[in-house]
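Participant: Take this structure, written in structure tokens, and hold onto it; I'll ask about it next.
Where a number appears in this text, it was derived from the coordinates with a stated rule and is not lab data. Because the structure is a prediction, the values reported are computed rather than measured. Glycine gets a Cβ as well: all are built from the backbone with ideal geometry, and neighbour counts include every protein chain shown.
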Amino acid sequence: MVARSVMPGSDRNRPSHSAEKGSPNESKVSARQFALLAGTTAARVMRFYRAWERAAEAELVPCAADLRPGQTVELPASDEWAEYFTKYEQSTDRREGIAQQAEAAGTSYTEAVKVAKNPAAMRTAILGDHKTADAAHRALMDRLEDDIDLQAAMARTIAKAPELRKAVTAESKKSEQIEYVRKVAVEGKIKTPAGKILDAPPALKATAERHFAVLETGDDEIPPESAAEAYEAIQHLITETIESDPEIQLRERRARLYSRLQRAAKAFEDVDPDELASLHEPDIVTVLQKLQQAITSCLESASGGGTRPALRAVGEM
């Protein structure tokens, strides 16, 4: 009755543009009007309508748009119809979500709804069977990307479990090591301890390619030891590359020293002179005097013992 009498969005007093005169949809009513006449809800009417449309897509019944009110239609057997509409699921949003996934995966909608209606049985199957647990894990990971609430729930679970935090840390380290080997193998670049990017020597790149070929299996079960071994082998070759080239060694020393000086300067810049003036702490003055002496010594070394700029004494502050 719903399929042959309802056209969603139509109104008896204001026909839809698609309901042309003489068409099967001409005398159809909206889901809201049908619900008023039948003494039910528009949501329930639309559940029947969408179920019919899914059956029509499977060529089990004619398309609702081709039916007229009062027209006789041969209905499928009840066990076939259950694939497209079932009494087990009352929530429209949940049912529609399950229906979409069942269609995409080519699985039984009815069976999926039965599972969703029995969480206790589903939990028991996950706990007792490795294959079921694996399927549940894959489903959660597929859903995780777009489900913000699930992301938050997973994060809370990991944060509360020390063993899970440890496992996540280990997996993150393994992923970083594999990615490092991949970059050397694919991009042919290496990063020195001082942070400089250099072209990888052919022998080093070839070694990285061999290791990455072993790691690039598409298998999530790569042992952490394998990733660590590949990473350490590349690091060892990078060290040898640096030690064999005096020019690279000099650039590394210069970069490391400059980095340390930059960090020291930034730390000193964060000291508030007004706060120092308000404290009048002798110990702080002593520390600053030692710092001034260290800076003076560094300036003398950096300038080769030549003339250095005058420094204001700490006591003049």
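Participant: List the aspartates and glutamates whose Cα lies under 20 Å from the Cα of K131, skipping any in the same chain that are fewer than 8 positions away.
Facilitator: List returned: E111, D142, D219, D220, E221.
Participant: Within a 10 angstrom radius of the beta carbon, how do L237, L276 rank from fewest other beta carbons to most?
Facilitator: Least crowded to most crowded, the residues run L276, L237.
Participant: Turning to a different aspect of this structure: Which loop chymotrypsin sites (Phe, Trp or Tyr not before Pro) in the range 166-257, with loop taken from DSSP, have no more than 11 other Cβ atoms within 10 angstrom of their Cβ?
Facilitator: Counting only loop positions with at most 11 other Cβ atoms within 10 Å, none of the chymotrypsin sites (Phe, Trp or Tyr not before Pro) in the range 166-257 qualifies.
Participant: Right, here's the next one. Using the Karplus curve 6.51 cos²θ - 1.76 cosθ + 1.60 with θ = phi - 60°, work out ³J(HN,Hα) for each residue of the range 104-113 in order, rounded to whole Hz, and write x for Gly and Pro.
Facilitator: Once θ is set to phi - 60°, the couplings for the range 104-113 become 5, 8, x, 10, 6, 5, 4, 5, 5, 5 Hz.
Participant: Please compare each pair in K189/K266; K266/K290; K196/K266; K173/K205 to a cut-off of 25 Å on the Cα-Cα distance and tell me which ones are over it. Please list the in-between numbers first.
Facilitator: Details: K189/K266 30 Å; K266/K290 18 Å; K196/K266 21 Å; K173/K205 22 Å.
Pairs exceeding the cut-off: K189/K266.
Participant: If you work out Rg and Dmax of the Cα atoms in Å from the coordinates, which of (i) 36.1, 108; (ii) 20.0, 71; (iii) 18.1, 58 do you get?
Facilitator: Checking each listed value against the structure points to (i).
Participant: I want to check the label-to-label distance for K114 and E176. Put each point 7 Å from Cα in the C-beta direction and report it in nm to one decimal.
Facilitator: 4.9
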